[in-house]
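Engineer: Take this structure first; my questions come after.
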Amino acid sequence: MSLEITVVLLGLAVLLADLWMAPERRRALGYASAAIVGILLLNTFDSHSGTVFGSAAGGMFVQDALSIFFKRLFLLATAMVLILAVEFSDRITAGVSEYYSLIIFALAGMLFAASSNNFVMLFVSIELITVTFYVLTSFSRGKVASLEAGVKYLILGALSSAFMVYGIALVWGTTGKFSFTELAQVAGDYSQNKVFLTGVLFILAGLGFKIAAFPFQMWTPDVYQGAPTPTTAFLAIGSKAAGFVLLLRFLFTAIPAITDHWSNLLIVISAITILYGNLCAIPQRNLKRLLGYSSIAHAGYLLMGVAALTSAGQAAVMYYLGGYLFTTIAAFAVIVLVMRHLDSEDIGGLAGLSRRSPLLALTLTLAMVSLAGLPPLAGFFGKFLLLKAIIEQGPANHGYYWLAFTALAGVVISLYYYFGVIRAVYFSKEGADAAPLEISRPAQFVLGVCILGIFWLGLFPGAVLDFATEAAQVLR
């Protein structure tokens, strides 16, 4: 638990540093925070700290291959989001250091979520994430859209928390178990207990809100559009990945006997989520709102791996999240750098980008192509693994074939709106006379990491896939 404590202390240190640091040096504070988070990430690869497995806090907190995979993902995402926050800081009228610290506190919640093995730890970690995002979403207090997004996220987030608390109470009331390990031993005995099953469904509803799965996705487009762009980027990858690690732990560690009978439910939710996200993205002109609906569709793709009910499907989920990290951060980094001085995030603002900054144009193009799932980028191989996992289960349940067909249809639909963004970047005649864009060295570093990650996971998937496969064994 030393990593989590270190992150909390870092958040407090950043918060206190604001008391005596001159305003003009707060950019350096953000860069320093990103560097420290990067050092913590590198430390997880140390031969002594990266392979020490075990549990703490009475078994509530576990350190295993699954938790390490997600912790590395969270640390990498946070380091890059902090750099984006620095680039965005000139649009924050007050409290820049508080913005950095809240991102770090959200990271602490994600790290605890990765190691949660108990309903108490699950709820505390997810609330730490959610409460910080309430503030991060509405941090641009001078913008009505940001305040509106914060209020919507607060109301719907509180509702999802209520569902989760009530579900936990019902599960504990029927079984007397908080521990996932202990619950797994008795869950099969309650497979016909309606109170227990209702509790399970309520918990799934709370987690469904975090991953933006149908029918709990209604908050996503408005919040993505109204929140500050670094917040949206962190929501898109950090909060979603935290929801998925908790979903995997709950379904396959706590109630595997129940999950085995719910494949059809998971298939239906996955298929509807894919179609809803892709179809609603078609008419969107606001780039962040488009990526919000895209995020819903990608939650549906990720649920394919969950619905497969196999280790291969679970490994595919983790691999896909790794690729989704680089593509999502790349897309939002371009939005931060191009549109930070504009009053809107309309796709038309990308006009002439290929002439203003070839690097940003290339980065956004690769992100869109990878999100669409075209070779040879990370998104293609991630979708391939997910499709492979469900098609292998097709002979036992033909519903998996229908899910595969739905996923392929979603990919085809997504080509329209993703390539609409690329068309604006390269083929729009507007913006030809606009001044070239200057990009700071840290921002160039983020863009370079994202480009390398998109290509690396697409062309050389072995290392990450092996780690994901090892992490999936924890759930067996």
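Engineer: With respect to Ala242, is the statement that it is buried (at least 24 other Cβ atoms within 10 Å of the Cβ) and either modelled with pLDDT of 90 or more or hydrophobic (A, V, I, L, M, F, W, C) (or both) true? Even if it seems obvious, please write down each step before you answer.
Structural biologist: Working: buried (at least 24 other Cβ atoms within 10 Å of the Cβ): yes; either modelled with pLDDT of 90 or more or hydrophobic (A, V, I, L, M, F, W, C) (or both): yes.
For Ala242, the condition - buried (at least 24 other Cβ atoms within 10 Å of the Cβ) and either modelled with pLDDT of 90 or more or hydrophobic (A, V, I, L, M, F, W, C) (or both) - is met.
Engineer: Sticking with this one: Between Thr406, Thr365, Thr328, which is closer than 18 Å to Pro230 by Cα, modelled with pLDDT of 90 or more, crowded, with 19+ Cβ neighbours inside 10 Å and not charged (D, E, K, R)? Talk me through it step by step, then tell me what you get.
Structural biologist: Working: Thr406 fails: closer than 18 Å to Pro230 by Cα; Thr365 fails: closer than 18 Å to Pro230 by Cα.
One residue alone meets the criteria, Thr328.
Engineer: Considering only residues that are surrounded by 24 or more Cβ atoms within 10 Å (Cβ to Cβ) and more than 28 Å from Leu437 (Cα to Cα), which ones fall in the stretch 368-378?
Structural biologist: Gly373
Engineer: Still on this structure, I have one more. When you scan the stretch 325-374, how many residues do you find that are under 16 Å from Arg423 (Cβ atoms), of a type outside the set (Asp, Glu) and touching a strand residue (DSSP E or B) at 6+ places or on another chain (Cβ under 9 Å)?
Structural biologist: 1
Engineer: Looking at the stretch 175-189, which of its residues are part of a helix (DSSP H, G or I) and either touching a residue at least 60 places away in the same chain (Cβ under 8 Å) or surrounded by fewer than 18 Cβ atoms within 10 Å (Cβ to Cβ) (or both)?
Structural biologist: From the stretch 175-189, those part of a helix (DSSP H, G or I) are 175, 180-189; that's our starting set.
If the condition is that a residue be part of a helix (DSSP H, G or I) and either touching a residue at least 60 places away in the same chain (Cβ under 8 Å) or surrounded by fewer than 18 Cβ atoms within 10 Å (Cβ to Cβ) (or both), then Phe180, Thr181, Glu182, Leu183, Ala184, Gln185, Val186, Ala187, Gly188, Asp189 are the ones that fit.
Engineer: Please state which one of Val464, Val474, Val449 is at pLDDT below 90, within 22 Å of the chain's Cα centre (by Cα) and not hydroxyl-bearing (Ser, Thr, Tyr). If you could, list the steps in order and put the result at the bottom.
Structural biologist: Details: Val464 fails: at pLDDT below 90; Val449 fails: at pLDDT below 90.
When all the criteria are applied, what remains is Val474.
Engineer: Among the residues of the stretch 6-14, are any closer than 20 Å to Glu87 by Cβ and surrounded by fewer than 17 Cβ atoms within 10 Å (Cβ to Cβ)?
Structural biologist: No; the residues of the stretch 6-14 include none that is closer than 20 Å to Glu87 by Cβ and surrounded by fewer than 17 Cβ atoms within 10 Å (Cβ to Cβ).
Engineer: Right, here's the next one. Taking the condition of being assigned to a helix (DSSP H, G or I) and either open to solvent by less than 10 Å² (accessible area, probe 1.4 Å) or touching a Phe, Trp or Tyr at 6+ places or on another chain (Cβ under 7 Å) (or both), how many residues in the stretch 216-239 meet it?
Structural biologist: Here is the first cut: in the stretch 216-239, the ones assigned to a helix (DSSP H, G or I) are 220-226, 229-239.
Checking which are either open to solvent by less than 10 Å² (accessible area, probe 1.4 Å) or touching a Phe, Trp or Tyr at 6+ places or on another chain (Cβ under 7 Å) (or both) leaves us with 220-221, 223-224, 226, 229-239.
Total meeting the criteria: 16.
Engineer: Within the stretch 344-362, identify whether any single residue is open to solvent by less than 40 Å² (accessible area, probe 1.4 Å), under 25 Å from Phe326 (Cβ atoms), at pLDDT 90 or above and of a type in the set (Gly, Ala, Ser), and answer yes or no.
Structural biologist: Residues of the stretch 344-362 that are open to solvent by less than 40 Å² (accessible area, probe 1.4 Å), as a first pass: 345, 347-354, 357, 360-361.
Add one more test, that the residue is under 25 Å from Phe326 (Cβ atoms), and what stays is 345, 347, 349-350, 353-354, 357, 360-361.
Subsequent filtering for residues that are at pLDDT 90 or above retains 360-361.
Retained after the next criterion (residues that are of a type in the set (Gly, Ala, Ser)): 361.
Looking for residues that are open to solvent by less than 40 Å² (accessible area, probe 1.4 Å), under 25 Å from Phe326 (Cβ atoms), at pLDDT 90 or above and of a type in the set (Gly, Ala, Ser), one finds at least one in the stretch 344-362, hence yes.
Engineer: Test each condition in (1) surrounded by fewer than 20 Cβ atoms within 10 Å (Cβ to Cβ); (2) assigned to a helix (DSSP H, G or I); (3) of a type outside the set (S, T, N, Q) for His261 and report the one that comes out false.
Structural biologist: (2)
Engineer: Phe250: aromatic (Phe, Trp, Tyr) and modelled with pLDDT of 90 or more, yes or no?
Structural biologist: Details: aromatic (Phe, Trp, Tyr): yes; modelled with pLDDT of 90 or more: yes.
Against the criterion (aromatic (Phe, Trp, Tyr) and modelled with pLDDT of 90 or more), Phe250 qualifies.
Engineer: Yes or no: Phe405 in a helix (DSSP H, G or I) and under 24 Å from Leu325 (Cα atoms)? Give the derivation first.
Structural biologist: Working: in a helix (DSSP H, G or I): yes; under 24 Å from Leu325 (Cα atoms): no.
No: the conditions fail for Phe405.
Engineer: On to the next question. Under 6 Å between Cβ atoms, at least 6 apart or on separate chains: pull out the pairs that start in the stretch 85-111 with a residue that is part of a helix (DSSP H, G or I) and crowded, with 24+ Cβ neighbours inside 10 Å and end on any residue that is charged (D, E, K, R) and at pLDDT 90 or above.
Structural biologist: Pairs found: Leu111/Lys71.
Engineer: Sticking with this structure for a sec: Select, from Tyr418, Tyr426, the only residue that is surrounded by fewer than 20 Cβ atoms within 10 Å (Cβ to Cβ) and in contact (Cβ under 8 Å) with a residue 12 or more places away in the chain. Let's see the steps before the verdict.
Structural biologist: Details: Tyr418 fails: surrounded by fewer than 20 Cβ atoms within 10 Å (Cβ to Cβ).
That would be Tyr426, the only listed residue that is surrounded by fewer than 20 Cβ atoms within 10 Å (Cβ to Cβ) and in contact (Cβ under 8 Å) with a residue 12 or more places away in the chain.
Engineer: Continuing with the same structure: Mind counting the residues in the stretch 112-167 that are open to solvent by 30 Å² or more (accessible area, probe 1.4 Å), assigned to a helix (DSSP H, G or I) and not basic (Lys, Arg)?
Structural biologist: 23
The values are calculated or read from the model by the stated rules, or taken from the named source; none is laboratory data. Small disclaimer: the values here were computed from a predicted structure and weren't measured. Ideal geometry is used to build each Cβ from the backbone, glycine not excepted, and the neighbour counts take in all protein chains shown. Calculation scope for accessible area: heavy atoms of the full protein, side chains included, ligands and nucleic acids excluded. Shrake-Rupley method; radii C 1.70, N 1.55, O 1.52, S 1.80 Å.
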